[in-house]
Amino acid sequence: MRVSFASSIAATCAAVLVLPASPAAPAAASVFPTAAALPPAPDLPGATQSLPLVPLGTATRAPGGARAGEQGLTRRDVRPFSLVGVVWDDPTVPLHGTVQVRTRATGDGAWSDWQDVETHNEDHGADPDSAEGSARALRGSTAPLWVGDSDGVEIRVRGAELLPAGLRLELVDPGEDPADGPEAAAPRIRGAVAPAAAGATGANDRLAPYGQAWIPALSKEETEITFRTTPGQEAVQSAAAQPYIGPRPKIITRKGWGADERIRETGFVYTKTIKTAFVHHSATGNNYTCSQAPSVLRSIYRYHVKSSGWRDIGYNFAVDKCGNIYEGRAGGVAKPVRGAHTLGFNNDSTGIAVLGTFTSTNPPAAVLTAVARLTAWKLGLHGVNPKGTAYLVSGGGNLYKKGTKVRFNTIAGHRDGFATECPGGRLYDKLGTARTSSANYQGRS
């Protein structure tokens, strides 16, 4: 079992304890195929098992003459994991069909019902003309699904058209939670610090002590003082008579949620400014506790980097269902880090992912409060009114051709820039409330 966070829903920590993954169940104890042929799990905080899918049943003719069929894996034992997804070779080829999985819990050995995996994930990712968007390592991918501690899996992929080549099941183990609790007064530095970890932590050096697991909240007055004395804010200050900026919320850092800085690409990529905040849902399901949110984040991070081929986690920020805010892509929470969250509109924007699925489930009030507080601060750093609008230029997508100038609300939903259900109808319908609250936090009437 993984080390859980303290009972506080806002639990964070200051150092990472690396433990090996638990061994798979002995082959003799199961009637299902085992993972014995897989290479041993690496001694890292997290691991990914990648299993090629095979044909199931008999292929049939689909409308239009293309061959459709079913691929998957029958029930089998695998090493422990908590998140699943499916990837394929060509990121430009969509998966038209359904993906369903069922998993076996490590605690009681019970198998879940079939669960749907969201197949439309091509709306996330880096812009096509960016270095990240044209990387050779990119793969097509479904959204990831959080299933909790599991050691058995079965999957079926049914296509209405020809299935993409190279379908693989990705099983992600998020690794152990960071060891130190949120009450640790000072970071514990154990030996030499890896350059990537030092870089990610140092990007927030003006906001919190080195190695801190969270960036502390500030009052509005304290935030305005910090804003006035921060280099690089002169242009924003001259554009407004007063700094309309909300109080800085508490933000759990990458150190706090246990990001393994060794797996991402080194360095950071920035855009010019932030004009719009795009709100997403992670589509990973709602079956997690808030103490598990760091594990969910580590899983998404590993899936984005190791399975999908992105340089880092795609989102700039994440919010769990208890309203805790997390640093996403590395580079500094106060800086205009370019993410890979809204394909075609990653320039001059920031991406906020609410952990969960809100197609038919209402987001908790704590989520809307967190989104409002975060945007009041983040947009305020760039002189942006949360109730206003801004223009962004499309980098290419299925709603707007490359080069199209598009007007967005400054707090927009993912579906505003791409034909997708994200962030789910129930969350999207609440964005008006978030805009009003965010403007109020900034001190706007």
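The values are calculated or read from the model by the stated rules, or taken from the named source; none is laboratory data. No experiment lies behind these values; they were computed from the predicted model shown. Backbone-built Cβ (ideal geometry, glycine too); neighbour counts: all protein chains shown.
Among the listed residues GLY211, GLY166, which satisfies the condition of being modelled with pLDDT of 90 or more and on the phi > 0 side of the Ramachandran plot?
On the way: GLY211 fails: modelled with pLDDT of 90 or more.
None of the others qualify; the one that does is GLY166.
Can you pull out every residue in the stretch 359-384 that is polar (S, T, N, Q) and either part of a loop (DSSP other than H, G, I, E, B) or over 11 Å from VAL279 (Cβ atoms) (or both)? Those that are polar (S, T, N, Q) and either part of a loop (DSSP other than H, G, I, E, B) or over 11 Å from VAL279 (Cβ atoms) (or both): THR359, SER360, THR361, ASN362, THR369. Return the total of residues in the stretch 418-435 being among the hydroxyl-bearing types (Ser, Thr, Tyr) and surrounded by 15 or more Cβ atoms within 10 Å (Cβ to Cβ). So the count comes out to 2. Looking at the structure I just gave you, is ALA259 buried (at least 22 other Cβ atoms within 10 Å of the Cβ) and within 17 Å of LEU427 (Cβ to Cβ)? No; evaluated as a whole, the condition is false for this residue. Only one of the numbered conditions (1) touching a Leu at 6+ places or on another chain (Cβ under 6 Å); (2) farther than 25 Å from TYR288 by Cα is violated by GLY332, and that is (1). Residue under question is ALA143, and the condition is that it be closer than 24 Å to ASN287 by Cβ, aliphatic (A, V, I, L, M) and loosely packed, with under 15 Cβ neighbours inside 10 Å; does it hold? No; evaluated as a whole, the condition is false for this residue.
Name the single residue that is surrounded by the fewest Cβ atoms within 10 Å (Cβ to Cβ) among those in the stretch 373-417 being hydrophobic (A, V, I, L, M, F, W, C) and under 19 Å from the mean Cα position of the chain (by Cα). Lay out the reasoning, then the answer.
First, the residues of the stretch 373-417 that are hydrophobic (A, V, I, L, M, F, W, C): 374, 376-377, 379, 381, 384, 390, 392-393, 399, 406, 408, 411-412.
Cutting the leftovers down to under 19 Å from the mean Cα position of the chain (by Cα) gives us 374, 411-412.
On the way: LEU374: 26, ILE411: 28, ALA412: 24.
Filtering first and then ranking leaves ALA412.
Could you say which residue among ARG407, ARG329, ARG373, ARG435 is under 22 Å from PRO144 (Cα atoms), charged (D, E, K, R) and modelled with pLDDT of 95 or more? Give the steps one after another, and end with the answer.
Details: ARG407 fails: under 22 Å from PRO144 (Cα atoms); ARG373 fails: under 22 Å from PRO144 (Cα atoms); ARG435 fails: under 22 Å from PRO144 (Cα atoms).
The unique qualifying residue is ARG329.
Scanning the stretch 84-133 for residues that are buried (at least 20 other Cβ atoms within 10 Å of the Cβ), over 14 Å from VAL157 (Cα atoms) and among the aliphatic types (A, V, I, L, M) yields a single hit, ALA126. Residues that are part of a strand (DSSP E or B) and in contact with a Pro (Cβ under 7 Å, 6 or more places away or on another chain) were ranked within the stretch 385-435; the one that is farthest from ILE274 (Cα to Cα) is GLY413. The stretch 242-354 holds strands (runs of 3 or more DSSP E) entirely within its bounds, and those carrying 3 or more residues that are under 18 Å from GLU132 (Cβ atoms) map to 349-354. Could you go through the stretch 145-152 and let me know if any residue there is among the charged types (D, E, K, R) and more than 16 Å from TRP88 (Cβ to Cβ). The answer is yes, given that some residue of the stretch 145-152 is among the charged types (D, E, K, R) and more than 16 Å from TRP88 (Cβ to Cβ). The one condition from (1) farther than 16 Å from ARG415 by Cα; (2) under 10 Å from the mean Cα position of the chain (by Cα); (3) not hydrophobic (A, V, I, L, M, F, W, C) that TYR315 does not meet is (1). Filter the stretch 108-137 down to residues that are assigned to a loop (DSSP other than H, G, I, E, B) and at pLDDT 90 or above and give me whichever is nearest to the chain's Cα centre (by Cα). Among them, the one singled out is GLU118.
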